[in-house]
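Data block below; observations after.
The values are calculated or read from the model by the stated rules, or taken from the named source; none is laboratory data. Remember, predicted model here, so these are calculated numbers, not experimental data. Cβ sites come from the backbone with ideal geometry, for glycine too, and all protein chains shown count toward neighbours.
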Amino acid sequence: MKISVKQAISLLNQGVPVAIPTETVYGLATLVNNSGMIKKVFQIKGRPSDNPLIVHVATLLQLKTLVKSMPSALTKLKKFWPGPLTVVLNANCSSVSPRVRAGLKTVAVRIPEHQLTLRILKKVGPLAAPSANCSGRPSPTLPEHVENDFGSDFPVVDGGPCRKGVESTVIRLFENGDWMLLRQGPLSSRQISQALQRQPLPCVKEARQLSPGLRHKHYAPQAQLYRCQMKSHLKKIMMKQNASALVSYEDQKNQNSHLKFYSLGKRGSYKDNLRRLYKVLRQLDTDKIKCAVIDCDVPEHELRNTLLDRINRASGDING
Ligand code: TXA
Ligand code: MG
């Protein structure tokens, strides 16, 4: 059910979670200190309680209230806000419910780039918001996706299609300016290294402890999805798996006419590919596709890992 910004503000203040638009994906918003409301968000999503939430703010002033201190290196990251960067910092534990932090002493924060949500945040204050999808499903990039998961009566602020289409890049920033990449996203590791003038600390094992969300299966359609690493092998793999659909790029469009074809745009146009990915994965389910092959033969690029990360998770390869 589409609601206005005014209605969203009123519902949130009454303790009712609502879905809000961001530039990455739609979020399911709750006040950061209303434990009943936060509990509801975990229940609506079916989210494991050990997976902490990102807190969204409109300004650095709001951010300041949530953290123990602002590392000086944060100044170098300000230029990415509002935008798809989430930074994990030491929490001011008294201002953020332990339910939001999943008991950790840190808090993940970001300033989203969407005018409607910024208006809501300015009025209501910081809002914790996981992606507004049932846990494990592809994140919603349209209001209709939220309604598909939570029911047509669920309150959603309609902010149109999400411009980025995948979740924010998450980093841990330490007091001394060191940092780790916890989740790939629309902002590349290179852009962050450049801004901080520092390479990330290696973190595969630690990241799994620091960012519990990485342990869970994600972004998966109901369809079984098989990855194909070489486009010359597409036909062979489709025959072998008995797949009825192909998720690929414009250059393959007319080559497999007997199959259902889903396009991620032009091969190597990563921003467009990322923007389309979840919509396509959800479309597979709408079309009742049981088994599909997805083309992973994509060129070198700083966003290649982001695309492959989401595809790997969607095809059930959590460590991918
Ligand atoms: O783009 C996004 O980030 C979207 C929009 C709504 O802002 N939100 C989103 O939230 O993707 P969610 O809940 O689906 O993913 C949050 C990720 C999880 O991987 C979680 O483990 C990590 O952020 N995270 C949250 N708080 C953390 C913390 N204190 N330390 C480490 N990781 C944290
Ligand atoms: Mg999510």
Original post:
Looking at the range 149-163, which of its residues are surrounded by 17 or more Cβ atoms within 10 Å (Cβ to Cβ) and free of Cβ contacts under 8 Å to residues at least 60 places away in the same chain?
Top reply: 149
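Could you grab me the full set of residues in the range 94-103 that are aliphatic (A, V, I, L, M) and buried (at least 19 other Cβ atoms within 10 Å of the Cβ)?
Step one: filter the range 94-103 for residues aliphatic (A, V, I, L, M), giving 96, 100, 102.
96, 100, listed by residue number.
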**OP:** Considering every residue within the range 115-132, establish whether at least one is within 16 Å of ligand 2 (Cβ to nearest atom) and over 29 Å from residue 178 (Cα atoms).
**Re:** yes
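Do the conditions hold for residue 198, that is, is it modelled with pLDDT of 95 or more, within 30 Å of residue 100 (Cβ to Cβ) and touching a strand residue (DSSP E or B) at 6+ places or on another chain (Cβ under 6 Å)? So that I can check it myself, show each step before the final result.
On the way: modelled with pLDDT of 95 or more: yes; within 30 Å of residue 100 (Cβ to Cβ): yes; touching a strand residue (DSSP E or B) at 6+ places or on another chain (Cβ under 6 Å): no.
No.
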Original post:
How many of the residues making up the range 251-285 are farther than 20 Å from residue 306 by Cβ and without any contact (Cβ under 8 Å) to a residue 40 or more places away in the chain?
Top reply: 11
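Could you please find all residues in the range 151-180 being in a loop (DSSP other than H, G, I, E, B) and within 16 Å of ligand 2 (Cβ to nearest atom)? Full working, then the answer.
Residues of the range 151-180 that are in a loop (DSSP other than H, G, I, E, B), as a first pass: 151-155, 158-168, 174-178.
The answer is 162, 164, 165, 166, 167, 168.
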Subject >> All positions within the range 136-155 that are of a type in the set (Gly, Ala, Ser) and over 14 Å from residue 25 (Cα atoms) >> reply: 136, 151, 152
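Quick test for you: out of 44, 54, 38, pick the one residue that is in contact with a Phe, Trp or Tyr (Cβ under 8 Å, 6 or more places away or on another chain) and within 24 Å of residue 136 (Cβ to Cβ).
On the way: 54 fails: in contact with a Phe, Trp or Tyr (Cβ under 8 Å, 6 or more places away or on another chain); 38 fails: in contact with a Phe, Trp or Tyr (Cβ under 8 Å, 6 or more places away or on another chain).
Result of the check over 44, 54, 38: 44.
Answer yes or no: is there a residue in the range 104-113 that is within 14 Å of ligand 1 (Cβ to nearest atom) and acidic (Asp, Glu).
Kept after step one, since they are within 14 Å of ligand 1 (Cβ to nearest atom), are these residues of the range 104-113: 104-113.
Now narrow it down to the ones that are acidic (Asp, Glu): 113.
The answer is yes; a qualifying residue exists.
Which residues, counting only those in the range 246-281, are of a type in the set (A, V, I, L, M) and more than 25 Å from the chain's Cα centre (by Cα)? Break it down into steps so the answer makes sense when it comes.
Filtering the range 246-281 down to residues of a type in the set (A, V, I, L, M) leaves 246-247, 259, 264, 274, 277, 280-281.
Selection gives 259 alone.
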Original post:
What are the pairs, 6+ residues apart or on separate chains, where a residue within the range 166-177 that is of a type in the set (Ser, Thr, Tyr) has its Cβ under 9 Å from a residue that is in a strand (DSSP E or B) and more than 8 Å from ligand 1 (Cβ to nearest atom)?
Top reply: 168/85; 169/85; 169/181
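Considering only the range 138-145, I want to know if a residue exists there that is in a loop (DSSP other than H, G, I, E, B), of a type in the set (Asp, Glu), more than 11 Å from ligand 1 (Cβ to nearest atom) and surrounded by fewer than 20 Cβ atoms within 10 Å (Cβ to Cβ). Before you say what the answer is, go through the steps one by one.
Step one: of the range 138-145, the residues in a loop (DSSP other than H, G, I, E, B) are 138-142.
After this cut, where a residue has to be of a type in the set (Asp, Glu) as well, the list is none.
Checked against the condition, which is being in a loop (DSSP other than H, G, I, E, B), of a type in the set (Asp, Glu), more than 11 Å from ligand 1 (Cβ to nearest atom) and surrounded by fewer than 20 Cβ atoms within 10 Å (Cβ to Cβ), the range 138-145 yields no hits at all.
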Original post:
What number goes with the only condition from (1) surrounded by 15 or more Cβ atoms within 10 Å (Cβ to Cβ); (2) modelled with pLDDT under 95; (3) aliphatic (A, V, I, L, M) that residue 318 does not pass?
Top reply: (1)
